[in-house]
1. Considering all alpha-carbon pairs of segment 87-233, what whole percent are spaced by more than 28 angstrom?
2. Which of LEU206, LEU193, GLY183 sits farthest toward the positive end of the charge dipole of segment 160-232, with +1 on the Cβ of Lys and Arg and -1 on the Cβ of Asp and Glu?
3. When every alpha-carbon pair in segment 54-100 is counted, what percent end up more than 18 Å apart?
4. Around TRP213, which amide H atoms from residues at least 5 apart in sequence, or from another chain, sit under 5 Å from its own amide H, with H modelled in the peptide plane?
5. What order do you get for 17-25, 220-228, 87-95 when each peptide is scored by the mean count of other beta carbon atoms within 10 Å, highest first?
6. Under unit Cβ charges (Lys, Arg +1; Asp, Glu -1), what dipole magnitude, rounded to 20 debye, does segment 181-229 have relative to its Cα centre?
7. Can you list the residues, at least 5 places off or on another chain, whose amide H is less than 5 Å from the amide H of GLY55, using H built in the peptide plane?
8. Work out from phi, with θ = phi - 60° and the Karplus expression 6.51 cos²θ - 1.76 cosθ + 1.60, the ³J(HN,Hα) of each residue of segment 215-220, listed in order in whole Hz, and give x for Gly and Pro.
Amino acid sequence: MLEVLGLAAGYGASRVLFDVNLRVEEGQVATLLGRNGMGKTTTVRAIMGLNPACGGKVAFRGAAVAGLAPERIARLGIGLVPEGRQVFPTLTVRENLVATAADRFARRNPWTLARIEALFPRLAERRDQLARTLSGGEQQMLAIGRALMTNPWLLVLDEATEGLAPVIRNEIWATLGALKAEGQAILVIDKNLSALKRLADRHHVLEKGRTVWAGDTAALEADGERVRGWLGV
């Protein structure tokens, strides 16, 4: 579904990514791992067209997307839950959810407001609240719901549970597990390796803007000491 080969990108003249390689298959959960500052968020931004790639290839469902505008990439079916959530603070919960709602691919069981509220009952309770008044965990639920309302083929989460209370983290992981069971492809960045090993099928490790390791969960377990060295945990 998503294939990244030799991706290079950065910010102006400052290069951050040099050789990033990753892939996500249909219905698969994949991770992007690495210490802070290794290029994970820049990789996501480059995939979404928010940072222009200066080398390599990004293909989504067989189509080259490097160089396309971010809105065109999103319309191909990638839903982003950005780092820091970035909900629309002056809109209500309901307005956030319907603002970008679309079913461009005529999905068999599309995400609707009712389905999102069933997935996250707290959002139903706070439907008319301004997003800025929500807790951090509720804002993360809203950001996930907003991305799902675009009915994406691929859901991308940058720092899925960063800064959240343990009970909310567990709720987010349970939600991602339920989405995987429905066949939703997911690319997730997070620091909770234990949770990621339970959830994900494939893992990618970044070190200074390069993919230095990739493999499935069994390989990650077998090569755990080396991988932990790159992750610093």
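Rule-based calculations on the coordinates, nothing more; no lab input. Not measured: the values here are computed from a predicted model. Quick reminder, even Gly has a Cβ in these numbers, built from the backbone with ideal geometry, and neighbours come from all protein chains shown.
1. Across segment 87-233, Cα pairs with separations above 28 Å total 26 percent.
2. Farthest towards the positive pole: LEU206.
3. Within segment 54-100, distances greater than 18 Å cover 46 percent of Cα pairs.
4. Residues meeting the criterion, in which the H sits 1.01 Å from N, are VAL205.
5. Result, highest mean first: 17-25, 87-95, 220-228.
6. Numbers: 8 positive and 8 negative charges, 46 e Å.
Computed about the Cα centre, the dipole is about 220 debye.
7. For GLY55, the qualifying residues are ALA8.
8. Going residue by residue, I get x, 7, 5, 4, 5, 5 Hz, with x marking Gly and Pro.
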